[in-house]
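K.L.:
My structure is below; once you've seen it, I'll send some questions.
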Amino acid sequence: MTRVYMDANATTPLLPEVVESMRPYWMEHFGNASSIHHEGQHARAAVDRARETLATLFNCSAAEVVFNSGGTEGDNTAIFGLLRPGDHFITTSIEHSAILRAADRMAQHGVVTTFIDPAASGLIDSADILHAIRPQTRLISVMLANNETGVLQPVEEIGKIARAASAYFHIDAVQGAGKVKLDVRRFGCHLCSVSAHKMHGPKGTGALFVRRGTPIEPLLVGGSHERRRRAGTENVPGIVGLAKAAELAMHSLEDETIGQLAALRDRLEVGILALSGTGVNGAWDGDKPVPRVANTTNIWFGQLEGEAHVIALDLKGVSVSGGSACHSGATEPSHVLLAMGLDKTRARASLRFSLLKTATEAEVDYVLKVVPEVVEHLRTLSPVAAGTLA
Ligand code: PLP
């Protein structure tokens, strides 16, 4: 059976070049990057080269790159590493749970959080951030691209607001990296999280940009790795794979790849919207498009229930996600779509299509053939259509 994977925002496969780059570091170059002998120095040199590549990705200096285990760790480090009792924290209600649950935990330690809601378009209004500032505001955290809608947030404006308020600014760029150009200097942030597995790198590896002088307390203590900002023997193959994935991602931003991907996503979206009772969640502010990453579209299907739809598409060889993949298994509708003002039924009736950068015309054609069949079939069975869904 044909299989088309359109769940890139959940995770991506390693590219062959990434696998090849990592291979020697499992066996022949297995050294501990902290050892002073030959094997150790070989590993150290690989980590140093990778740090230079990540510095290029972020547009920062190599000393400002901290390797870690991925997006969750970067997000947690920003919050647990900077906030103290009595501080005020500003974030948005559409962040990943790595931010939201960390804020919940800090509430038990005397940190007050203001959650800013987006507009119906999925866009955060930077004026709302400005109005939320208090004298105690120590940290602002806003994602670059939303994982469910792909909407790009106005981080540069928020960076200016943070600067004027003398607050630290963290950006969760996990869904933006590789899809739009990162530039931590232009964004005006102090911290920025990325994760390898969202850009064709290995799972469990990521990096955090930490601007020089940012007084971050490490989450993990022990050895003096990563300039005492993250203890633990470096995952050398993972770091090398992350760097290769970052390098390839930067090339994709410069060649045709991302433009072609946006055209494929648009064709998919237009094709699906030709079905009755469908619409895009976010991405439009009235009749004006809002900026979003090239690979994502989030679509509601009237009279359908997302989970049944995901399963029916899976049986036809198409992998998509209803709500955030990081919450798969949860029955609650997406907190992002609810925050954008969708009612629970419509939020539950929504699917996220997120294309890999290797997506093809043939894959889009296949999905455009299968989706109408599945929608028609499910609508004839739908308890929502029958009015029997609670
Ligand atoms: N932030 C965002 C926006 C995400 O989409 C994800 C994963 O889906 C994460 C953070 C967590 O990243 P990781 O899976 O590397 O822990």
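K.L.:
How big is the Cα convex hull of region 227-302 in projection, averaged over all directions, in nm²?
P.N.:
Approximately 8.7 nm², given one-decimal rounding.
K.L.:
Could I ask something else about it? Less than 15 Å from a label point 7 Å out along the Cα-to-Cβ axis of residue 84: which backbone N atoms in region 199-230 qualify, by residue?
P.N.:
214-218
K.L.:
Normalised by the number of residues in region 1-53, what is the relative contact order in percent for Cα pairs under 8 Å and 6+ residues apart?
P.N.:
Relative contact order here is 19 percent.
K.L.:
With viscosity set to 0.890 mPa s and temperature to 25 °C, compute the Stokes-Einstein D of region 118-241, Rh being the Kirkwood radius across alpha carbon pairs; µm²/s, no decimals.
P.N.:
156
K.L.:
Using a 7 Å offset from the Cα along the Cα-to-Cβ direction at both residue 185 and residue 287, what is the distance between the two label points in nm, to one decimal?
P.N.:
The modelled label-to-label distance comes out at 4.1 nm.
K.L.:
Here is a follow-up. Per q in 0.25, 0.29 1/Å, what log10 I(q)/I(0) does a Debye calculation on the alpha-carbon atoms of region 113-179 return?
P.N.:
The Debye formula, applied to the Cα set alone, gives -1.15, -1.40.
K.L.:
What would the Debye equation give as log₁₀ I(q)/I(0) for region 215-371 at q = 0.20 Å⁻¹, counting only Cα atoms as equal point scatterers?
P.N.:
-1.23
K.L.:
When DSSP beta bridges are limited to those with both residues in the chain, what percentage is antiparallel, rounded to the nearest 5?
P.N.:
Counting DSSP beta bridges with both partners in the chain, the antiparallel share is about 50 percent.
K.L.:
Right, something else. Report the calculated FRET efficiency for residue 376 and residue 203 (r = Cβ-Cβ distance, R0 = 22 Å), to the nearest 0.05.
P.N.:
E between residue 376 and residue 203, to the nearest 0.05, is 0.05.
K.L.:
For region 23-63, what mean projected area does the convex hull of the alpha carbons give, in nm²?
P.N.:
The directionally averaged projection comes out at 3.1 nm².
K.L.:
So for the chain, Kirkwood radius off the Cα pairs, Stokes-Einstein at 20 °C and 1.002 mPa s: how many µm² s⁻¹?
P.N.:
99
K.L.:
Now, a different point. Local charge sum around residue 264 (other residues, Cβ-Cβ under 11 Å, Lys/Arg +1, Asp/Glu -1)?
P.N.:
With Lys, Arg at +1 and Asp, Glu at -1, the neighbours total -2.
K.L.:
Still on this structure, please answer the following. To the nearest 0.05, how large is the calculated FRET efficiency for residue 38 and residue 212 if R₀ is 30 Å and r is the Cβ-Cβ distance?
P.N.:
0.40
K.L.:
Tally the DSSP beta bridges in region 1-152 and give the antiparallel ones as a percent, rounded to 5.
P.N.:
10
K.L.:
I would also like to ask the following. Do any of 288/357; 179/244; 181/244 go past 19 Å between their Cα atoms, and which?
P.N.:
288/357
K.L.:
Go ahead and run the numbers for FRET between residue 17 and residue 227, Cβ-Cβ distance against an R0 of 25 Å, rounding to 0.05.
P.N.:
Efficiency, from the Cβ-Cβ distance: 0.30.
K.L.:
Moving to a separate point now. Expressed as a rounded percentage, what relative contact order does the chain have, with Cα pairs under 8 Å and six or more residues apart?
P.N.:
22
K.L.:
Calculate the radius of gyration of the Cα atoms of region 101-141 to one decimal place, then report Dmax, the largest Cα-Cα distance, as a whole number, both in Å.
P.N.:
In order Rg, Dmax, the Cα atoms of region 101-141 give 11.6, 34 Å.
K.L.:
Residue separation times 0.36 nm, minus the C-alpha to C-alpha distance between residue 62 and residue 109: what's the value?
P.N.:
13.6 nm
K.L.:
Hey, another quick one. Can you compute the modelled spin-label distance between residue 166 and residue 101, with each label point 7 Å from Cα toward Cβ, in nm?
P.N.:
According to this spin-label approximation, the distance is 3.5 nm.
K.L.:
To check you understand DSSP bridge types, tell me what percent of the beta bridges within region 107-196 (both residues inside) are antiparallel, rounded to 5.
P.N.:
For region 107-196, the DSSP antiparallel bridge percentage is about 10.
K.L.:
At what distance in nm do the modelled label points of residue 1 and residue 267 sit from each other, each positioned 7 Å from its Cα along Cα→Cβ?
P.N.:
2.5
K.L.:
For a footprinting-style exposure proxy, rank 6, 1, 27 by other Cβ within 10 Å, fewest first.
P.N.:
The fewest-first ordering by Cβ neighbours comes to 1, 27, 6.
K.L.:
While we're looking at this one, here's another question. Starting from the Cα coordinates of region 49-182, work out the convex hull volume and express it per residue in Å³.
P.N.:
So the per-residue Cα hull volume is 106 Å³.
K.L.:
Going from the alpha-carbon gyration tensor of region 188-255, what semi-axes, largest first and in whole Å, does one get by taking the root of 5 times each eigenvalue?
P.N.:
Values for region 188-255, descending: 24, 16, 9 Å.
K.L.:
I need the fraction of alpha carbon pairs in region 1-113 separated by more than 22 Å, rounded to a whole percent.
P.N.:
That tail contains 57 percent of the Cα-Cα pairs.
K.L.:
Shifting gears a bit: By how many nm would the segment from residue 220 to residue 332 lengthen if fully extended, with 0.36 nm per residue of separation less the alpha-carbon distance?
P.N.:
Contour length minus the Cα-Cα distance gives 37.1 nm.
Rule-based calculations on the coordinates, nothing more; no lab input. Keep in mind that this is a model prediction, so the values were computed, not measured. Glycine gets a Cβ as well: all are built from the backbone with ideal geometry, and neighbour counts include every protein chain shown.
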